[in-house]
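Asker: I have a structure here, written as structure tokens, and I will follow up with some questions on it.
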Amino acid sequence: MLRVTCYMNIIVLGPQGSGKGTQAEKLAEKFNLEHIDMGKFLREVAKQDTPLGKEIYQIQNVTNTLVPSRILREVLHLKLQSIPREQGVLMEGAPRTMSQREYVEEALLETGRKFDAVVFINIPEEETVKRISKRWTCKKGHPLIMGVDVQSEKDKCPTDGTEIFQRTDDTPEGIKKRLQVYREETMPVIEDFRKRDLLLEIDGTPSIEEVQKSILAEIEKRNIE
């Protein structure tokens, strides 16, 4: 039986739409881990009217490329320094490049940590396009699914009544560009973790509950504590 612990350190990776965010939240809660969602944090910074915020916004919403390692290095260092050393962490959405991988591991060592496992939630590219292209949001940031929460782009947010829109990088064109970057930049990172026997590859196409069971079974099998 799995024991709750706060000393393991885990990375959760996967293509867009794989459900890695949902699974990361569940794992962080189950094992009492500090959840570091780099993507979410960077999007929050991108909303700020600062030079750094404007730069991140340009990268994420205009050029649809990866955030440079120097930016990741700065925000990750500050985040890790604020977490007690005895607290395990779960990192979601990073590292996405080999240079980021090197820095992430260095930053962890500086705070007396190392990663015990990398959970890779994998889905086919056509599934990514299908899932992400249905994502919409409203002016107040509520996540919406087209065809479920709203039926038309003219609809209002059912939660707050504000106008809805689709993020630039969630359009079919933006998704395809992100997938190309993912293949070229992130897959080498995943393969490196596989060679080091740190990778737990999980099929992300079943239900949320089934995917969670698969992850927990792999963690138990590896006897990660």
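The values are calculated or read from the model by the stated rules, or taken from the named source; none is laboratory data. If you're wondering where the values come from, they're calculated on a predicted model, not measured in any experiment. As a convention, Cβ positions derive from the backbone with ideal geometry for all residues, glycine included, and neighbour counts pool all protein chains shown. Accessible surface is based on the protein model in full, side chains and every heavy atom, while ligands, DNA and RNA are left aside. Shrake-Rupley method; radii C 1.70, N 1.55, O 1.52, S 1.80 Å.
Asker: Mind checking which pairs have a first residue in region 162-183 that is modelled with pLDDT under 90 and a second that is part of a strand (DSSP E or B) and open to solvent by 60 Å² or more (accessible area, probe 1.4 Å), Cβ under 8 Å, 6 or more apart or different chains?
Answerer: Gln166/Arg135; Arg167/Arg135; Asp170/Arg135
Asker: Let me ask something else. Hey, Asp169 hits all of (1) open to solvent by less than 40 Å² (accessible area, probe 1.4 Å); (2) farther than 22 Å from Lys40 by Cβ; (3) part of a helix (DSSP H, G or I) but one; which does it fall short on?
Answerer: Every listed condition holds for Asp169 apart from (2).
Asker: Select from region 27-42 the residues that are of a type in the set (D, E, K, R) and surrounded by fewer than 17 Cβ atoms within 10 Å (Cβ to Cβ) and write down the one among them that is nearest to Arg70 (Cα to Cα).
Answerer: Lys40
Asker: Scan region 199-215 and tell me whether some residue there is touching a residue at least 40 places away in the same chain (Cβ under 8 Å), in a helix (DSSP H, G or I), open to solvent by 40 Å² or more (accessible area, probe 1.4 Å) and among the aliphatic types (A, V, I, L, M).
Answerer: yes
Asker: Shifting gears a bit: Assess whether Lys195 counts as being modelled with pLDDT of 90 or more, out of contact with any helix residue (DSSP H, G or I) (no Cβ under 6 Å at 6 or more places or on another chain) and open to solvent by 50 Å² or more (accessible area, probe 1.4 Å).
Answerer: Here the answer is yes, as Lys195 does meet what is asked.
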